[in-house]
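The values are calculated or read from the model by the stated rules, or taken from the named source; none is laboratory data. Keep in mind it's a predicted model, so treat the numbers as computed, not measured. With ideal geometry, Cβ positions are generated from the backbone for all residues, glycine too; neighbour counts draw on all protein chains shown.
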Amino acid sequence: MKCPRCLNTDPEYFYKGSRGWYCRRCISFGRAMIEEETESPKLAEIADGAQEYTLQYPLTPAQEKIAVQCAQLIDDTSVLINAACGCGKTELVVYSIAKMLKEKKKVCFAIPRRQVVLELRERLAQYFPKAKVIAVCGGHTKETDGDLIICTTHQLYRYYRSFDLLILDEPDAFPFYGNDVLHGIAETSCRGHTIYLTATPDETLCQKAERHELVQLNLFRRPHGHPIPVPRMILGPRLFLLAQLLIWIHRCRDHPRMIFAPSIRTAHILHRFLSVFMKCFLCSSHTQNRDQVIAEFRKQKAGIIIATTVLERGVTVPGADICVWNADSGVFSEASLIQMAGRAGRSFQYPDGDVLFLCMSKSSLVKACAKTIEEANACAV
């Protein structure tokens, strides 16, 4: 017995009700009846001219090479694009999206986090002005059909075998990473092939590439050609690190500053402490008006925001400098440290950036993060 939606085969999750057998592993998305034929939703045809696009800037030769290769491969296989933070992952798949829309095929861009869905929808609507580009996520579910659908991975349950191309952004990020239900739903939503976009591919994706179950394409050079900033580490007791944090904030006063904390409690403590000296914003999973807070922070020429890992991916703040408080915390993984460091140096006007890791103890993950970034920079030469 297999669930047609999440692909579960564990008998412990199946239950027989009045209408027959159904899967309880994905019951939060509604009952998936095992014995009833699952139908794909009826989606409208792609509009004429939907494939026409205009980029904000031309692709670099390195970007264009990857973009062309990906568009050529997707008819026959899935693709993993391992692109360092700031390399323009979205732009790398524009050719593939345009190819599919020209052939009147459905495309979905799925992302783990809601905030990034809304931002990407605006961006792709500018790139594809003749296409109907819609966002489907919490608070935006009245309209679920368009030429190009941008959604959270949770919303893929609506689209059984609907997409000829599924683009999965940050498949190694929470809540998609390690979630068998979401993995199964993503797989059953796609009748064609998948493009995986990430700067930190997990072991599962790397193993698939080694087994030739997908093709891996690598890009480690940012469009402006500058290397990715390598984190500096300062080690010491808490009071010493607080002093170093204040020094860093003052030294980077001409740029936006993002301070990452390992927990909501720590973020609140830092916010209360820094608010004594300066205005700063706070953003975590408990922040009710998160979109508004981020928008207000971006309006500041040299604002300060204290955030948990909710902002480690997908949110770009031009010219930002980055500090990770208690970077040696067990809450952080090497991937999350790389992603947070990758928020810096993305702007053409300020391509170098500054990344500071404040640690209370020595950490192998902090060292591994710096080594991985150094290796990516070496490969980009």
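A single entry from 41, 58 fulfils the requirement of being modelled with pLDDT under 95, closer than 24 Å to residue 216 by Cα and part of a loop (DSSP other than H, G, I, E, B): 58.
Whether a residue is touching a Lys or Arg at 6+ places or on another chain (Cβ under 9 Å), surrounded by fewer than 21 Cβ atoms within 10 Å (Cβ to Cβ) and under 30 Å from residue 58 (Cβ atoms) was assessed, and residue 254 passes this test. For the structure I just gave you, tell me whether residue 134 is within 28 Å of residue 104 (Cα to Cα), in the same structural domain as residue 93 (by TED's automatic domain parsing), crowded, with 22+ Cβ neighbours inside 10 Å and in contact (Cβ under 8 Å) with a residue 12 or more places away in the chain. The answer is no for residue 134. Condition test on residue 142, is it over 26 Å from residue 86 (Cβ atoms), without any contact (Cβ under 8 Å) to a residue 24 or more places away in the chain and assigned to a loop (DSSP other than H, G, I, E, B)? Yes. The number of residues in region 368-380 being without any contact (Cβ under 8 Å) to a residue 40 or more places away in the chain and surrounded by fewer than 14 Cβ atoms within 10 Å (Cβ to Cβ) comes to 3. When region 1-16 is filtered for residues that are out of contact with any helix residue (DSSP H, G or I) (no Cβ under 8 Å at 6 or more places or on another chain) and either without any contact (Cβ under 8 Å) to a residue 12 or more places away in the chain or in a loop (DSSP other than H, G, I, E, B) (or both), the ones remaining, listed by number, are 2, 9, 10, 11, 12, 15, 16. Taking the numbered list (1) of a type outside the set (A, V, I, L, M); (2) over 24 Å from residue 338 (Cα atoms); (3) in contact (Cβ under 8 Å) with a residue 40 or more places away in the chain in turn, residue 290 passes all entries but (2). Residue count for region 175-190 under the criterion of being buried (at least 16 other Cβ atoms within 10 Å of the Cβ) and either part of a loop (DSSP other than H, G, I, E, B) or charged (D, E, K, R) (or both): the result is 3.
Quick check on region 293-316. Is at least one of its residues without any contact (Cβ under 8 Å) to a residue 12 or more places away in the chain, outside the structural domain of residue 170 (by TED's automatic domain parsing) and either under 22 Å from the mean Cα position of the chain (by Cα) or surrounded by 15 or more Cβ atoms within 10 Å (Cβ to Cβ) (or both)? Yes: region 293-316 contains one or more residues that are without any contact (Cβ under 8 Å) to a residue 12 or more places away in the chain, outside the structural domain of residue 170 (by TED's automatic domain parsing) and either under 22 Å from the mean Cα position of the chain (by Cα) or surrounded by 15 or more Cβ atoms within 10 Å (Cβ to Cβ) (or both).
The condition of being modelled with pLDDT under 95 and in the same structural domain as residue 162 (by TED's automatic domain parsing) holds for residue 87. Restricting region 104-135 to residues that are in contact with a Cys (Cβ under 8 Å, 6 or more places away or on another chain) and of a type in the set (Gly, Ala, Ser), the residue that is farthest from residue 194 (Cα to Cα) is 135. Would you confirm whether any residue within region 353-364 is free of Cβ contacts under 8 Å to residues at least 40 places away in the same chain, surrounded by fewer than 19 Cβ atoms within 10 Å (Cβ to Cβ), at negative phi and basic (Lys, Arg)? Within region 353-364 (the criterion being free of Cβ contacts under 8 Å to residues at least 40 places away in the same chain, surrounded by fewer than 19 Cβ atoms within 10 Å (Cβ to Cβ), at negative phi and basic (Lys, Arg)), the answer is no, since none of the residues qualifies. Under 30 Å from residue 157 (Cα atoms) and over 20 Å from the mean Cα position of the chain (by Cα), is that true of residue 187? No; evaluated as a whole, the condition is false for this residue. Within region 321-341, can one find any residue that is crowded, with 21+ Cβ neighbours inside 10 Å, within 22 Å of the chain's Cα centre (by Cα), closer than 16 Å to residue 254 by Cα and not acidic (Asp, Glu)? Taking every residue of region 321-341 in turn, at least one turns out to be crowded, with 21+ Cβ neighbours inside 10 Å, within 22 Å of the chain's Cα centre (by Cα), closer than 16 Å to residue 254 by Cα and not acidic (Asp, Glu).
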